[in-house]
1. Going 7 Å from the Cα of residue 170 in the Cα-to-Cβ direction, what parts of the range 105-147 have a backbone nitrogen less than 12 Å from that spot?
2. In degrees between 0 and 90, to the nearest 10, how far off the longest principal axis of the chain does helix 80-99 point, with axes built from Cα atoms?
3. Using the Cβ atoms and a cut-off under 11 Å, what net charge is assigned to the surroundings of residue 152, where Lys and Arg are +1 and Asp and Glu are -1?
4. Can you list, bin by bin at 10 Å, the percent of alpha carbon pairs in the chain, starting at 0?
5. For labels at residue 286 and residue 137 in the simple 7 Å Cα→Cβ model, what's the distance in nm?
6. State, to one decimal in nm², a quarter of the convex hull surface area for the C-alpha atoms of the range 143-248, i.e. the direction-averaged projected area.
7. Among 109, 142, 126, whose Cα lies farthest out toward the positive end of the dipole of the range 17-198, if unit charges sit on the beta carbon of Lys, Arg (+1) and Asp, Glu (-1)?
8. Please work out how much length the chain gains when fully extended from residue 262 to residue 73, using 0.36 nm per residue of separation minus the C-alpha to C-alpha distance, in nm with one decimal.
Amino acid sequence: MPLTQHPQRVFRNRGVEITLDNNYTDLEERTLAAIEPLWKRYPRAATMWELLTSDAEVRANWDMADYLTVTKLNYNDHGEAHARIVAANGVLIFDLLREARIAPDVARSGAGDEGDACAVIVAACLLHDIGNQVHRQNHEMVGAMIALPILDRLMPQIYPDVERRIELRAFILHAIHSHDLNPMPLTFEAALVSLADGTDITKGRGRTAFDLGKVDIHSVSALAIDDVKIAKGEKHAVEITVTLNNSAGIFQIEDTLAKRLRGSPLASYVNIVVFSKPEGTKTDMRIIERLSLENGSFKVE
């Protein structure tokens, strides 16, 4: 059976694994279901997804990146679920931009067509955070270095032509290296990968860090975001709608999502809209009831 017929398959890791909040695993399943109808438009991207998500080395990289960021730094998820959600959101955003006839750099440069651009985005999204297994500092550059032999091993199955493969590989490596805006993304594809990374900001992802004892504006703000939706806008090719249960979520939107559009090649095509709930009340939902300072850190009581 061809690989492209089952890009939605989920291969669970057997080794090091971090338990995720149920809301986050549910989000992963809904996101994967949302892109299922799109795979027939992008068969090479579907094959890229299948090759990477079914690869034992890739899954081990996700495991260890997650282990270091979650258990040692008390960050939110940076492993398998995050990679899949970011990649799926990347495909959704790309499809909307393609519908608006906004040409990606891969096509403009002559390195490939729109389908190849989507494959580049899938690969870069799935591999963008694997450098965290070495350290958070410089994880973008390290991630590109770790991704290089993986791409060299798997890409020939999709791109047997050497020149085409190496040119597309360059787009992938640039997107991994610049996904966290250090340095800034220079291509359509890299800017899209960075933006897709910023869309994974819901409370399900942030729950683990909070439960492990990280109580600060980052963790509290993450718990204030109920939902993120990506759709076609009235005035923009893409509209990202964020629903808050508490105004603290504004920090997360500003610090993680909005900054990825400023100065971006996609800035004029994407809009962010924020709504606050619960409806019918003038007050926010309370996230924290009582804290105490113990050994220099706030603890939830």
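Laboratory data are not the source of any read-out in this text; all were calculated from the coordinates shown. Values in this document were obtained by computation on a predicted structure and should not be read as measured data. Neighbour counts are summed over all protein chains in view; Cβ atoms, including those assigned to glycine, are modelled from backbone coordinates with ideal geometry.
1. Hits in the range 105-147 for residue 170 at 12 Å: 106, 109-112.
2. The angle comes out at about 60 degrees.
3. Working: positive: 153, 165, 169; negative: none.
Net charge around residue 152: +3.
4. That works out to 6, 29, 36, 21, 6, 1, 0, in percent per bin.
5. That separation, rounded to one decimal, is 4.1 nm.
6. Over every viewing direction, the Cα hull of the range 143-248 projects on average to 9.6 nm².
7. Checked the options; the winner is 109.
8. On the way: separation 189, 0.36 × 189 = 68.04 nm, distance 2.76 nm.
Length difference between fully extended and current span is 65.3 nm.
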